[in-house]
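J.: First, the structure itself, so that you have it in front of you.
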Amino acid sequence: MISSPTSRPEYGLYESPPKTSGSQTHGLITDTELHKSGPYSPLSKPGARSRSSRKALLGTVAVVVGVIGVGGIISSGTSDGTPPIPEQPNAMKNPGDGNEKQYSTLRPPLPETPAPGPALAPALAQPRSKPEGFWPYQRYSPEEDNFREKFDKPKVAWLMSFPNSGTSYTLRLAQWASNVTAATNYGDECDVDDEGRNTPLYPGMDNSPALKYPDKYSLPERYALTKTHCGGRCTHCAPDKYVETQLTFHQQCLQGNRLVPLNSNSTASGQNIKKNGKSERVLEVRYPEELVARAVHVIRDPFNNAVARFHLDWGKYNHKAMNGDKESKEFVDKYAYNPDGFRKWCKSIDDVFIKDEEKSRFMTEEILELFRKIPCHGDFFRYIQWHNLAVATVAKMKVPTYILHYENYATDFERTKDELMSFLQLDIVGSIPEFIPGKSYRSYFSAEERVAVLDLMRMLANPETMDLIDRYDYEGDGSSKK
């Protein structure tokens, strides 16, 4: 069914590495240590940590930007490497997210006054190499998946993406081409019925993903492409909000919200909003991972991805400004839709959170030195962390995963479209939406800044992740080495 590995995963499946027995940490702190120690341990107080001791924390960063160890997945504390997903009654706000409102992260809140944490394990100062004979990416072609699996009910196929990396077009392509509705973790961006309620992918299941357009398209039979941005993606936030472990990231891949009428008798936590002139209640939900059978992992050029995040923020304010909102008008006037506006916007965010980053025990002097050279440095950290944890999550779950580089829509559209649809086992029976290639925003960054981003990537990215993002030309003016 799957052919031999290719030299580089421009297209293909990645699979889980061979699992080893026992709990492995390889110099990384676990999820338990993260929440026991908190973001501001005694080691992170000014004057309490020397440069040498900060260097010793480099391996700590791998808990948030890389969790795949040599020969296996890093454990989050359980003996078999499979973390439990406990119920989390306390919710933590995570503002400034991507394409949708994120009402709660549902992750354990960090203590305000953390107790001294356990001694940190020795750092992994050198990049980790792959085990001999292990290559996690394998070529995939439409001809290799002719077997159409049958299920009593459709399975979830995650559309995993860091915000603004091609999610919207991929959803539109799958729905238009197949005449089958997609789903999403985020019910607040879906159609609702006459009562103001989302249509669940699984009828009668309160925590089900929501169908995007149940009245416009038919229901999926095999795989429902389901949008998830997982965790660690907020724009306007400090490390205590965006630092993730594999466990917390995994939990957020499974969670979202759904809309119910305001007078619903549900006891789930949530908040009230207005949608299409109606009062709705947004409930926090999380579904079991057993529903997930496949994943599409979308990756975009990091520089273009960062600028697209600015464009999203700018567009929201511009929409409000056009409707007469004075504060939004001030934002639009201050941050123009051009390179200067982008850099001013980055500086405003960097200046607010640099103090928190300097105090964070997850940021070494080497990382902070690079941060000072990179506009929107926090977003590049989050970008690396997000893709590392996405690779680790699907590997741990052992679900077939299709790698979709956003730029492949422009360079080889037909092949990318056919592979995506075949992977999702969807027939092409409808129309194909036009793909309009986006601009390259490499010029928004100086050559020195691009080199600093590459250095940050090399410092924090796992070998498996670097294989996926190495195709981008960090030192030149082009968007890809190809």
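J.: What does the extension gain come out to for SER431 and SER218, with contour length at 0.36 nm per residue minus their alpha carbon separation? Mind dumping the intermediate values first?
T.: Values: separation 213, 0.36 × 213 = 76.68 nm, distance 1.47 nm.
Separation in residues times 0.36 nm, less the Cα-Cα distance, equals 75.2 nm.
J.: With +1 on each Lys and Arg Cβ and -1 on each Asp and Glu Cβ, how big is the dipole of region 330-482 about its Cα centre, in debye rounded to the nearest 20?
T.: 220 debye
J.: Using R₀ = 35 Å, calculate the FRET efficiency as 1/(1 + (r/R₀)^6) where r is the Cβ-Cβ separation of LEU262 and VAL451; round to 0.05.
T.: Taking R0 as 35 Å, the efficiency between LEU262 and VAL451 is 0.10.
J.: Run the numbers on region 385-482 and let me know its relative contact order in percent, using alpha-carbon pairs under 8 Å that are six or more apart.
T.: Across region 385-482, relative contact order equals 29 percent.
J.: Right, next: Residue separation times 0.36 nm, minus the C-alpha to C-alpha distance between THR411 and GLU358: what's the value?
T.: Additional length available on full extension: 15.0 nm.
J.: Using 7 Å Cα-to-Cβ label points, what is the GLU290/TYR337 separation (nm, one decimal)?
T.: In this crude label model, GLU290 to TYR337 measures out at 4.9 nm.
J.: Out of TYR409, PRO375, PRO433, whose Cα points farthest toward the positive end of the dipole of region 370-433 (charges: +1 Lys, Arg; -1 Asp, Glu; placed on Cβ)?
T.: PRO375
J.: While we're looking at this one, here's another question. Starting with the highest mean, order 249-256, 358-365 by the number of other Cβ atoms within 10 Å, averaged over the residues of each peptide. Don't jump to the answer; show the numbers that get you there.
T.: Numbers: 249-256: 25.1, 358-365: 20.4.
The most tightly packed comes first, giving 249-256, 358-365.
Readers should treat all values here as calculations from the given coordinates under stated rules, not as data from a laboratory. The shown structure was predicted, so the numbers you read here are calculated from the model rather than taken from an experiment. Cβ sites come from the backbone with ideal geometry, for glycine too, and all protein chains shown count toward neighbours.
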